[in-house]
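Reading through the structure tokens given below for one structure.
Readers should treat all values here as calculations from the given coordinates under stated rules, not as data from a laboratory. All figures in this text were calculated on a predicted structure; none of them were measured in a lab. FYI the Cβ positions are ideal-geometry reconstructions off the backbone, even for glycines, and counts take in every protein chain you see.
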Amino acid sequence: MPTDCISYQESNYFSKLIVDYLDKKTETQSLYHRFPSLENFKLQLEEKGNNFNPAHRNTLAAVLKEQYRSVNTSEATRQHIALLKEVNTFTITTGHQLNLFTGPLYFLYKIVSTINLAKELKAAYPGYNFVPVYWMATEDHDFEEINYFNFKNKKIKWNKESHGPVGRLSTEGLENVFDVFSKELGIGDHAEYLRQLFKNAYLKQDNLADATRFLANELFREQGLVIIDADNASLKKLFVPYLKKELLEQYAFGKVTETAGLLKSYTVQVNPREINLFYIEDNLRERIVFENGKYIVNTTSRTFTESELLTELESHPEKFSPNVIMRPLYQEVILPNLCYIGGGGELAYWFELKSLFEASNVTFPILLLRNSALIATVKQAQKADNLQLSWSDLFTRQGELVTAKTKAFSEFTIDFTEQKNHLSQQFKNLMDMANRTDASFYGAVKAQETKQVKGLENLEKRLLKAEKRQHEEKLRRITDLQNELFPNQSLQERFANFSEFYLEFGPALNDALLKQLKPLEQEFSVLVL
């Protein structure tokens, strides 16, 4: 079976909102600025160039240089950081939580999409520079979402308590996780590489932000990936005017609520609060609320008058953290960014933010759905061939797939539509007769039609059930293969960790992703390795 692609729309794994966006439906067009096409990036370049504060570039480059001070940085990454000072340099950005050992496989797909789009734009617009950026979600606090990864159907978990921003969390205690993972890896060069990668990332770095930076840099430094930790006083200082506006005017709530109204036919991803900011310290991350004329750090005894809070903001901007509503604005204020690449859920909340960006006079980025991929072995592809399965078949929900293949394997036509149509025509003639007599006869005819149609449907179901028994072995092989490729009948990329595939394929895994994922083609890729 050849390597293939499935459209996102036909994969059955994306929401109606995302499908309508990809189809450029009228209902979605007010939710975004420009659709991701090569031509539209030219307009985005011009607008962002005119609307980005050039003074931010030197601060950004200086902060990144400091953050990379103790990192084994590639020449490509060093050059990208230096180029950020230039007015003809722009970023392509993705973001992700600090999942243990990258978490789900799609972590790689996000970053590869970002790297490959930057390359594609450089080829199309050689007069500009394009820097791929991974924005670490260091200020998040949902530790339970990131403290584990799956390896060969085993959940490897870090048992620890966390109360503040996860990026500041000490890596102490990860020795136990390493011991468990190391035993699961087995032997061989690829196993040893993974063992050392985990050890160097998590046992030799002080906190989770440094560990994640080390890990992502090791995986993608040769491609010039730039990794940013925006939990930084100098970067927050650039965002102070917007933080002040949110504290004093609470303007995000109104703007986002206004845009969310346009999503009434879809599911709203996030809801804004009156103040969309947190107050953070190493072991604290709590909402800022305004009550009885004072600003309160929720669940604590800390209160501020307006003047006290503004003084705190000017003196310690690093203690003010944007929530999911304000974080995208922060990103676009400090980065000369053209495009944000994310999953369906991320794009769904970005769609709520356009009016907030307009009110802030910040250019709304192009929104691009990240690449998705299904990785299969040559052996699995051969199994699919032997079972007369296409990749489209394997993306079908399992119940529907089993029914469809049963009908395909059967020597009978397990579809009584023709018989039901014939029956319907016969009863149509009877109904014409019944309409000319009394109601009791009409009712009897109608009841008999319902009974006979139901009888045909039951016969159809019994024949299908009998044929499933007849082809039970072949159908079992089909479901076994689908379960291998779609664990828990979900997408492989949302469950499996990259280490499982690296163990088998080694560096060829990243090479294949970098070669085959095409971010602007917006198709679900199937990679046979």
- Which one of LEU22, PHE441, VAL270 is farthest out on the positive end of the charge dipole of the chain, using unit charges on Cβ (Lys, Arg +1; Asp, Glu -1) and the Cα centre as origin? PHE441
- Item | the chain: calculated mean residue ellipticity at 222 nm from DSSP helix runs of at least 4, using -39500 (n - 2.57) | -15000 deg cm²/dmol
- Query: Among (i) 31; (ii) 9; (iii) 24, which one is percent of Cα pairs over 46 Å apart computed from these coordinates?
  - Reply: (iii)
- Task: On a C-alpha basis, how far is the centre of segment 319-394 from the centre of segment 101-163 in Å? Whole number, if you could?
- Result: 11 Å
- Query: Relative contact order of segment 99-209: what whole-number percent is it, with Cα pairs under 8 angstrom and at least 6 residues apart?
  - Reply: 25 percent
- Go ahead and run the numbers for FRET between LEU248 and GLN516, Cβ-Cβ distance against an R0 of 30 Å, rounding to 0.05. 0.05
- Task: Have a look at PHE130, GLN97, ALA191 and report the one farthest towards the positive end of the charge dipole of the chain, computed about the Cα centre with Cβ charges (Lys/Arg +1, Asp/Glu -1).
- Result: ALA191
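Quick check on packing: order 60-70, 106-116, 283-293 by the mean number of other C-beta atoms within 10 Å, highest mean leading. Present the calculation step by step, with values, prior to reporting the outcome.
Values: 60-70: 16.5, 106-116: 25.0, 283-293: 14.8.
In descending order of packing, they fall as 106-116, 60-70, 283-293.
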- Query: With +1 on each Lys and Arg Cβ and -1 on each Asp and Glu Cβ, how big is the dipole of segment 342-412 about its Cα centre, in debye rounded to the nearest 20?
  - Reply: 240 debye
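Once you keep just the Cα pairs under 8 angstrom separated by 6 or more residues, what percentage relative contact order results for segment 32-102? Walk me through the intermediate numbers first.
On the way: 20 pairs, mean separation 23.2, N = 71.
Once divided by the residue count of segment 32-102, the mean separation gives 33 percent.
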- Task: List, in the order given, every pair from LYS25/LYS119; LYS48/LYS319; LYS16/LYS264; LYS42/LYS515 whose Cα-Cα distance in the structure shown is over 22 Å.
- Result: LYS25/LYS119; LYS48/LYS319; LYS42/LYS515
- Item | Computed over the chain: relative contact order in percent, which uses C-alpha pairs under 8 Å that are six or more apart | 24 percent
- Taking the Cα centre of the chain as origin, sum charge times position over the Cβ atoms of Lys and Arg (+1) and Asp and Glu (-1), and report the length of that vector in debye to the nearest 20. 860 debye
- Item | Protection proxy ranking, peptides 313-325, 382-394, 357-369, average beta carbon neighbours within 10 Å, highest first | 357-369, 313-325, 382-394
- Under a straight-distance cross-link criterion of Cα-Cα below 25 Å, which lysines are reachable from LYS405, leaving out those fewer than 8 residues away in the same chain? LYS379, LYS383, LYS420, LYS454, LYS461, LYS465, LYS468, LYS474
